[in-house]
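Some notes on the structure that comes next.
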């Protein structure tokens, strides 16, 4: 079983915005109501929910569940922890890469496509 470092888990929980995970990746139905994004809770299916963008968390006020990015994937896709983390990494790999590593990849692909520097 793969182990993740504390740094990796911190990045996944904090650098991947929860709203796009809910709306785009998981395609959970939701909409803005009076300035608050409401979505169907993956546990109770009610829309008495909200997102705290600053904390990057969501909450269902009916079933009283809190979700970070990993937990919402686990609940919606019925995945165990390791598979949920792997799922998020696969979809948000470039966002999670350090800037230096991303620069090196971008530079290498630029050189490969142009044939020279």
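The values are calculated or read from the model by the stated rules, or taken from the named source; none is laboratory data. For clarity, every value in this text was computed on a predicted model and none was experimentally measured. Backbone-built Cβ (ideal geometry, glycine too); neighbour counts: all protein chains shown.
Return the only residue of 48, 52, 14, 56 being surrounded by fewer than 17 Cβ atoms within 10 Å (Cβ to Cβ) and touching a residue at least 24 places away in the same chain (Cβ under 8 Å).
Answer to the selection: 14.
Which residue is farthest from residue 78 (Cα to Cα), if the candidates are limited to the stretch 14-34 and must be touching a helix residue (DSSP H, G or I) at 6+ places or on another chain (Cβ under 8 Å) and part of a helix (DSSP H, G or I)?
Only one residue tops the list, namely 15.
Would you mention how many residues in the stretch 59-91 are under 19 Å from residue 9 (Cβ atoms), part of a loop (DSSP other than H, G, I, E, B) and in contact with a strand residue (DSSP E or B) (Cβ under 8 Å, 6 or more places away or on another chain)?
1
Do you know which residues across the stretch 35-58 are modelled with pLDDT of 95 or more, assigned to a loop (DSSP other than H, G, I, E, B), under 17 Å from residue 12 (Cβ atoms) and touching a helix residue (DSSP H, G or I) at 6+ places or on another chain (Cβ under 8 Å)?
Residue satisfying the conditions is 56 alone.
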